[in-house]
Amino acid sequence: MKRSKTMHVVMILVTLLIAIPLLWVFLNSFKTSKQILTDPWSLPESITLKNYLNAWGEGGLGVGFINSAWITLLTVFLIVLISSMAAYVLAKKMFRLKRVIYLLFLMGLMLPTFLAMTPLFLLLNDMNLLNTYAGLIMVYVAFSLPFTIFMLTAFFRQIPSSLEEAAIIDGCGPFMVFWRIVIPLAKPGLISAAIFNFVGIWNEYVLALILISDDESKTLPLKMANLMMVQQYRTDYGSLYAGIILSIIPVMMFYLFFQRQLIEGSVAGGIKE
């Protein structure tokens with residue numbers, strides 16, 4: 001009982017440590033720079049969207065937001081699609097070198113991103129994919145596959161093989177078994193993988209900085225970095241805080257919308273055979 005109360009206190013403290021800075025940024029996003037500097041802890045004198053409009057338009061976050069949105073959605077779709085097929089085979093099928101292939105995927109988790117920067121830059125330059133969305137998406141997918149396959153393999157192992165055998169007896173082929181039986185049962189795991197990848201790719205900065213140089217093609221994190229530099233010297237902190245809120249909103253909405261599936265997927269992934 002005492003331990004339970006201690007855990008509740010710790011969770012409340014952690015929640016406050018996260019919520020208070022977010023609330024402070026949200027309130028300051030409606031203030032002028034003068035109000036922020038003179039009284040940063042006060043409530044806004046008036047609710048206006050001027051800072052948000054400045055960040056979206058003059059700050060260039062609108063372009064970055066749209067670029068990041070469709071890049072992230074397409075990348076997450078490809079990651080989940082490819083990873084689910086690979087993880088299903090590794091979890092359910094028996095073939096030679098299965099263990100070796102699985103370990104090779106796991107080795108991808110050990111590769112530091114910074115070590116691949118120069119080879120990636122040279123490779124994409126030779127392939128004429130530098131400063132293109134296709135090149136960036138391919139790199140995102142490649143870097144995300146090891147973790148996602150590792151994650152989904154655990155979910156597919158929880159699916160009873162008897163269900164697949166029954167479907168095969170009823171006349172289902174391998175592809176029909178996968179799409180009509182396995183995928184619906186693995187939905188919590190797939191959504192969990194999508195959420196983790198969505199958050200990671202939405203906030204990714206280093207790879208986009210190296211592979212994308214065209215200002216109109218930059219993603220939201222790059223635009224946020226530019227906004228921070230510009231507004232810092234202009235002392236327009238209100239627009240900077242508004243930009244931070246704009247970058248947070250999609251991730252929060254995505255998580256809240258799939259919160260139940262994420263919890264179900266986390267619990268299912270932790271069950272051992």
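The values are calculated or read from the model by the stated rules, or taken from the named source; none is laboratory data. This one's a predicted model, so the numbers in the text were calculated from it and none came from an experiment. Every residue, glycine among them, receives a Cβ derived from its backbone with ideal geometry; neighbour counts consider all protein chains shown. These area figures cover heavy atoms from the full protein model, side chains too; ligands, DNA and RNA do not enter into them. Shrake-Rupley method; radii C 1.70, N 1.55, O 1.52, S 1.80 Å.
Here are some notes:
- Across the range 161-212, the qualifying residues are those that are assigned to a helix (DSSP H, G or I) and of a type in the set (Ser, Thr, Tyr), and the one among them that is nearest to Leu90 (Cα to Cα) is Ser161.
- Count of the range 28-46 residues which are assigned to a loop (DSSP other than H, G, I, E, B) and under 17 Å from Ile244 (Cβ atoms): 6
- Residue match in the range 75-86 (condition: among the β-branched types (Val, Ile, Thr) and free of Cβ contacts under 8 Å to residues at least 40 places away in the same chain): no
- Members of the range 161-186 found to be surrounded by 20 or more Cβ atoms within 10 Å (Cβ to Cβ) and without any contact (Cβ under 8 Å) to a residue 12 or more places away in the chain, listed by number: none
- Long-range neighbours under 7 Å by Cβ, at least six apart or interchain, first residue open to solvent by 50 Å² or more (accessible area, probe 1.4 Å) within the range 26-40, second modelled with pLDDT of 90 or more and not charged (D, E, K, R): Phe26/Ile245
- Residue check, Gly238 modelled with pLDDT under 85 and over 23 Å from Ala86 (Cβ atoms): no
- Of the numbered criteria (1) among the hydrophobic types (A, V, I, L, M, F, W, C); (2) modelled with pLDDT under 90; (3) closer than 30 Å to Phe175 by Cβ; (4) open to solvent by 90 Å² or more (accessible area, probe 1.4 Å), the one Met7 fails is (3).
- Leu227 vs. criteria over 22 Å from Ile79 (Cβ atoms), part of a helix (DSSP H, G or I) and either open to solvent by 70 Å² or more (accessible area, probe 1.4 Å) or among the aliphatic types (A, V, I, L, M) (or both): yes
- Hits in the range 187-196 - residues which are open to solvent by less than 10 Å² (accessible area, probe 1.4 Å) and under 23 Å from Ile249 (Cβ atoms): Ser192, Ala193, Ile195
- Per this entry, Met151 is not counted among residues that are touching a Gly at 6+ places or on another chain (Cβ under 9 Å), under 30 Å from Pro221 (Cα atoms) and without any contact (Cβ under 8 Å) to a residue 24 or more places away in the chain.
- Looking across Val63, Val14, Val25, Val80, one residue alone is in contact with a Phe, Trp or Tyr (Cβ under 8 Å, 6 or more places away or on another chain), of a type outside the set (Phe, Trp, Tyr) and under 22 Å from Val251 (Cβ atoms). It is Val25.
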